[in-house]
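Input: a single structure, listed below in structure tokens.
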């Protein structure tokens with residue numbers, strides 16, 4: 001028993017010297033710092049409030065409801081006012097500015113910006129975008145099913161702006177009441193989806 005008591009202080013001093021070596025070694029301190037940074041990045045809030053998130057762009061005002069011709073749609077390519085990007089899908093126009101890094105200049109789907117992307121979405125070819133009005137009459141039933149799925153995805157994710165007008169077709173007049181109703185419906189649908 002006396003031997004155990006004599007060895008206890010040497011064990012404590014050994015552990016103390018081991019801890020001192022671990023925490024004062026430059027390599028170990030570096031590894032500890034790397035671990036701390038990684039843990040911070042994993043646990044920090046993802047709402048963009050972190051200092052590393054960079055400058056926050058001001059929100060883009062909601063676009064007024066309107067029908068457009070292809071010529072009118074072409075001005076929304078991400079290079080104009082507010083960097084707004086609109087895309088036509090199956091006769092509808094969507095404001096995809098929220099997805100600007102995908103649809104805006106330099107994005108992987110920039111070819112869709114300010115154009116009718118229906119044929120390209122149906123055929124899964126980014127380069128299959130027509131410059132003139134496309135009646136889509138030559139698409140197969142499978143391609144049209146794909147178009148309707150894309151249209152649903154755009155409807156759920158982006159703001160509907162209006163119809164893509166055929167040549168000679170006149171735009172509808174939208175009232176502020178219709179826009180308020182559409183905004184309320186969109187919020188209700190989002191709330192249901194989040195549940």
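Bear in mind that the values in this text are calculations on the coordinates, not laboratory data. Every value quoted in this text rests on a predicted model; they were computed, and no experiment measured them. Please note: Cβ atoms are built from the backbone with ideal geometry, for glycine as well, and neighbour counts cover all protein chains shown.
Counted by neighbouring Cβ atoms within 10 Å, the residues 17, 141 run from fewest to most as 141, 17. Here the residues 132, 12, ranked from fewest to most Cβ neighbours within 10 Å of their Cβ, fall in the order 132, 12. Tell me, how many Å apart are the Cα centres for the range 134-160 and for the range 106-123? Computed from Cα coordinates, the inter-centre distance equals 12 Å. For the range 70-167, the Kirkwood estimate of the hydrodynamic radius, built from every pair of different alpha carbons, is 13.2 Å. Peptides 100-108, 58-66 ranked from most to least packed, by the mean per-residue count of other Cβ atoms within 10 Å: 100-108, 58-66.
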